[in-house]
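Before any comments, here is the structure.
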Amino acid sequence: MSDPEHSEALPTFDSVTAETLTEADAHERPDPDELARASELADAIRAQVSRVVLGQTALVDQLLWTLVAGGHALLEGVPGLGKTLAVLALARTFGGKFARVQFTPDLMPSDVTGHVVFDRESGAFRLRRGPAFTNLLLADEINRSPAKTQAALLEVMQEGQITIEGETHRLEPPFFALATQNPIELEGTYPLPEAQLDRFLMKIEIGYPAADDETRIVEFATRGRAGEGLAVGELEVVATPEDVLAMQRVAGSLVVSRRVADYAVRLVRATRDHAGLAFGAGPRGAIALVRVARAVALTDGRDFVTPDDVREIAAPVLRHRVTLAPELELEGMRTDAILEGLFQAVEPPRA
């Protein structure tokens, strides 16, 4: 490795490759056949979702990375951009149990997790399981319910379990919570507290499609259809929940060199010292960077993570873990603009 004090030029991120890994890193690599199968499975899931989610490549990729990393995602965008469609399509492809909850101001925590009822016939109490007992949970418009109902998801998102009347029930893995929210409508909404935002592995912001893509969307959505039915029924089931768990295990075994992990930590620590941010990301942010970077590497068919992988997903992983300074928020500054400048100031590892 070159001496940082005497290096004249900073190499590209791709210069940190498998050849630069230490011997300690190299022996931990996953089985090549298992990696190939996992990568092919990820490609198959992406291909199916992309059949109905047009013009939103970043959305499809980030949902796939969330699945591979075994985390949860918050999808934010104005109505009509395909948030719900993308989640429904993803649920269709892996054939697991799926449940959807429309969050409203009168939704109760027990409407999400379940509750105990008295059965008159048996004379005993029995558990009525809520929609959270599933593999993939769509929490639609999550910010329309008060904090008490939002908090019903905290335990299940973090621990993979639900406690009802003092009894803990473990969920059958895999479990993913994908939540949506509308950023432009504030009346009748309840912002998610920072503790809950931090449980989401990524915050996926969805923008408007390009003109050509929007034309394709209109043609696809109206071809042979009179109503607004979603076409997810046409998708193929290409994976089982067991396949997804196997893919996650492979992702967890991908090599992350000490320098790449250190790069993730330096990105996170830089958010704590920036004048434009009132609060920076905690250690969970660096852990999330490594987890998602491994998912990126797996979908690319590599058994090691590069700084490129970390840099590619830094914004969606960290944007909801930081808080803008009040004066910048009043000026209408976007969090991503601050983060982009911050990321450029943090040097990646040198070859």
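The values are calculated or read from the model by the stated rules, or taken from the named source; none is laboratory data. Just so we're clear, the structure is a prediction, and the values are computed from it rather than from any experiment. FYI the Cβ positions are ideal-geometry reconstructions off the backbone, even for glycines, and counts take in every protein chain you see. Just the protein is used for accessible areas: all its heavy atoms, side chains included, with ligands, DNA and RNA removed. Shrake-Rupley method; radii C 1.70, N 1.55, O 1.52, S 1.80 Å.
Yes or no, residue by residue, for (1) surrounded by 23 or more Cβ atoms within 10 Å (Cβ to Cβ); (2) among the charged types (D, E, K, R); (3) more than 23 Å from the chain's Cα centre (by Cα):
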position	(1), (2), (3)
T93	yes, no, no
F98	no, no, no
L107	no, no, yes
F118	no, no, yes
P131	no, no, no
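What number of residues in the range 66-118 are assigned to a helix (DSSP H, G or I), of a type in the set (G, A, S) and out of contact with any strand residue (DSSP E or B) (no Cβ under 9 Å at 6 or more places or on another chain)?
The total comes to 1.
Look at the range 158-190 and say how many of its residues are among the hydrophobic types (A, V, I, L, M, F, W, C) and either in contact with a Pro (Cβ under 8 Å, 6 or more places away or on another chain) or not in a strand (DSSP E or B) (or both).
Total satisfying the criteria: 4.
If we keep just the residues of the range 56-83 that are of a type in the set (S, T, N, Q) and buried (at least 20 other Cβ atoms within 10 Å of the Cβ), which is modelled with the lowest pLDDT? If you could, list the steps in order and put the result at the bottom.
Here is the first cut: in the range 56-83, the ones of a type in the set (S, T, N, Q) are 56-57, 62, 66.
When the remaining residues are screened for being buried (at least 20 other Cβ atoms within 10 Å of the Cβ), the result is 56, 62, 66.
On the way: Q56: 91, Q62: 97, T66: 97.
Within the range 56-83, the match that is modelled with the lowest pLDDT is Q56.
Give all pairs with beta carbons closer than 7 Å in which a residue from the range 191-212 that is surrounded by 13 or more Cβ atoms within 10 Å (Cβ to Cβ) and in a strand (DSSP E or B) meets a residue that is of a type in the set (K, R) and modelled with pLDDT of 90 or more; count only pairs at least 6 apart in sequence or on separate chains.
K203/R319
Check the range 256-278 and report whether any residue there is part of a helix (DSSP H, G or I), among the aliphatic types (A, V, I, L, M) and either touching a Cys at 6+ places or on another chain (Cβ under 9 Å) or loosely packed, with under 13 Cβ neighbours inside 10 Å (or both).
From the range 256-278, those part of a helix (DSSP H, G or I) are 258-270; that's our starting set.
Add one more test, that the residue is among the aliphatic types (A, V, I, L, M), and what stays is 260-261, 264-265, 267-268, 270.
Imposing the further condition that a residue be either touching a Cys at 6+ places or on another chain (Cβ under 9 Å) or loosely packed, with under 13 Cβ neighbours inside 10 Å (or both) reduces the set to none.
Scanning the range 256-278 turns up no residue that is part of a helix (DSSP H, G or I), among the aliphatic types (A, V, I, L, M) and either touching a Cys at 6+ places or on another chain (Cβ under 9 Å) or loosely packed, with under 13 Cβ neighbours inside 10 Å (or both).
Here are some conditions: (1) closer than 17 Å to E205 by Cβ; (2) part of a helix (DSSP H, G or I). A286 meets all but one. Which one does it not meet?
It fails just one condition, (1).
Please determine, by comparing only the residues of the range 308-351 that are of a type in the set (K, R) and within 23 Å of the chain's Cα centre (by Cα), which one is most open to solvent (accessible area, probe 1.4 Å).
Of everything passing the filter in the range 308-351, R334 is most open to solvent (accessible area, probe 1.4 Å).
Could you identify the single residue in I287, I313 that is of a type in the set (V, I, T) and free of Cβ contacts under 8 Å to residues at least 12 places away in the same chain? Steps first, please.
Details: I313 fails: free of Cβ contacts under 8 Å to residues at least 12 places away in the same chain.
After applying the criteria, what remains is I287.
Scan the range 54-65 residue by residue and report those that are in a helix (DSSP H, G or I) and either under 18 Å from L201 (Cβ atoms) or of a type outside the set (S, T, Y) (or both).
Listed by number, the residues that qualify are A58, L59, V60, D61, Q62, L63, L64, W65.
Using beta carbons and a limit of 6 Å, which pairs, at least six apart or on different chains, have the first residue in the range 324-345 and farther than 18 Å from E76 by Cβ and the second one at pLDDT below 90 and open to solvent by less than 30 Å² (accessible area, probe 1.4 Å)?
A325/G276; L328/G276
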